[in-house]
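Single-structure report; data block below.
What follows draws every value from the coordinates through simple rules; no lab data is involved. Because the structure is a prediction, the values reported are computed rather than measured. Positions of Cβ are generated from backbone atoms using ideal geometry, with glycine treated the same way; all protein chains shown enter the neighbour counts.
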Amino acid sequence: MTDGKIKKTSFGVLPDTQIHALCDAGVISAQDGIEIDQVQPASIDLRLGAKAYRMRASFLPGPEKSVRDYFDDDLVMHELDLSKGAVLETGCVYMVPLKEALRLPVGLSGAANPKSSTGRIDVFVRMITDGSDRFDAAREGYSGPLYVEISPRTFSILAREGDRLLQLRLRNGPKETIRDEIFSIDLKPGDDDIAGYRAKRHSRVLDLKNISGHKIDDFWEPVRPYNGALVLDPGEFYILASKEKVVIPVDEAAEMAPIAPEFGEFRAHYAGFFDPGFGVEGLEGKAVLEVRSREVPFILTDGQPMGRLVFEPMVDKPRVPYGAAGSFANYQGQGLKLSKHFGSK
């Protein structure tokens, strides 16, 4: 690949080497430059800009309109200065221009997803582009700015300019599914076994910069199955784990299907990207599930199917797979694990 161009015969998800090349060629750009640790094995982290807009409602701009066309008194309630840090409150919708912009060539498209640490603190985020009628999608050949809609669901968060809540995966050609695998829930029998955590409502503010600095007991309470079953309360947010261990080969990328209505009245995952190299070389880890029941209580039983892991090819193997020396991997070999923001009890 030269000058940020992709070989026409190479289809699939772009690895870190080609993402770096696209940054060097200006296909991915930012006014203050791209930081080297933004690039992951099969994606690039996107950073919050200096301003956030408290919106009256969510929206999509639709064809021929820009996101900024909606930054008016009809939808914007007030502005927040993220350069000094600002609290984004639960139940509110915010729109933040991202630092990064795209100038995609023909054949190249992008798909966004919350980072694992974002999904595990129940912060709902979606990327928006100008002229789009879909969330989390940068259409083939898109050229323009990027925005993120942020809606904290359980914890209010202290956010700052430069924080990374979502990531962008770039794909050459149409999405090609190699295979998919069903995963199930791990609810070990026995009243004393912790099966997961339920988020406490009305907790203190969660500081996104405070890695490992929040006490688990301030934000979470353990949940224990009874006879291998767990009743989900409507509207509550749970962190649970899959029974199966997940392995992503270095020449493949995977994504957790966020909604699988055929498996029950709940949502089983918000942050769905799995990088090539996750769980390999004896470091197999489970999938951590962000679960929310819908309108009615719902019983989960040990081994019950929860969703689907979809695999697609990489254009090439990443230079630094997930968990390898030099990578920024927080969840390699994980079991039941909360986000990186939590440390001691």
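Give me the percent relative contact order of the chain, please, defined on Cα pairs under 8 angstrom at least 6 residues apart.
Values: 945 pairs, mean separation 69.4, N = 345.
Value for the chain: 20 percent.
Which value, in Å to one decimal place, does the Kirkwood hydrodynamic radius take for the stretch 1-125 when every pair of different Cα atoms is included?
16.7
By a straight-distance test (C-alpha under 18 Å), which lysines pair with Lys188 as possible cross-link partners, with residues fewer than eight away in the same chain excluded?
Of all the lysines, those that pass the test against Lys188 - Cα under 18 Å, at least 8 places apart if same chain - are Lys243, Lys245, Lys286, Lys337.
What is the Cα centroid distance between the stretch 204-255 and the stretch 275-305, reported in whole angstrom?
First find each Cα centre; the distance between them is then 9 Å.
Please name whichever of Thr154, Ile36, Ala137 sits farthest to the positive end of the charge dipole of the chain, dipole taken about the Cα centre and charges placed at Cβ: Lys and Arg +1, Asp and Glu -1.
Toward the positive end, the furthest listed residue is Ile36.
Grab the eigenvalues of the alpha-carbon gyration tensor for the stretch 164-249, scale each by 5, take roots, and send me the semi-axes largest first in whole angstrom.
Gyration-tensor ellipsoid for the stretch 164-249: 29, 23, 12 Å.
Quick one: what do you get for the stretch 105-155 if you divide its Cα Rg by 2.2 N^0.38 Å?
Cα Rg divided by the expected 2.2 N^0.38 Å: 1.27.
With 20 Å bins from zero, work out the P(r) of the chain over every alpha carbon pair and list the percent per bin.
Using 20 Å bins, I get a P(r) of 30, 60, 10 for the chain.
Just report the Cα centroid separation between the stretch 149-184 and the stretch 98-113, whole Å.
14
Check the straight Cα-Cα distances from Lys175 and name the aspartates and glutamates below 17 Å, setting aside those fewer than 8 residues away within the same chain.
The reachable aspartates and glutamates, counting only those whose Cα sits under 17 Å from Lys175, are Asp136, Glu140, Asp251, Glu252, Glu255, Asp275, Glu312, Asp316.
Working only with C-alpha atoms, what are the Rg and Dmax values of the stretch 9-60, expressed in angstrom?
14.6, 45
Going 7 Å from the Cα of Thr90 along its beta-carbon direction, which residues of the stretch 201-245 have the amide nitrogen within less than 17 Å of the resulting point?
201-208, 215-223, 233-239
Measure off 7 Å from each Cα along the Cα-to-Cβ vector at Lys215 and Arg160, then give the distance between these two points in nanometres to one decimal.
Placing both labels 7 Å along Cα→Cβ, they lie 2.3 nm apart.
Calculate the all-directions average of the projected area of the stretch 39-106's alpha-carbon convex hull, and give it in nm².
Values: hull surface 26.6 nm².
Average of the hull's projected areas for the stretch 39-106 equals 6.7 nm².
Cut-off 10 angstrom, C-alpha nodes, Gaussian network model of the chain. Which of Pro313, Pro114, Pro234 fluctuates the most?
Pro234
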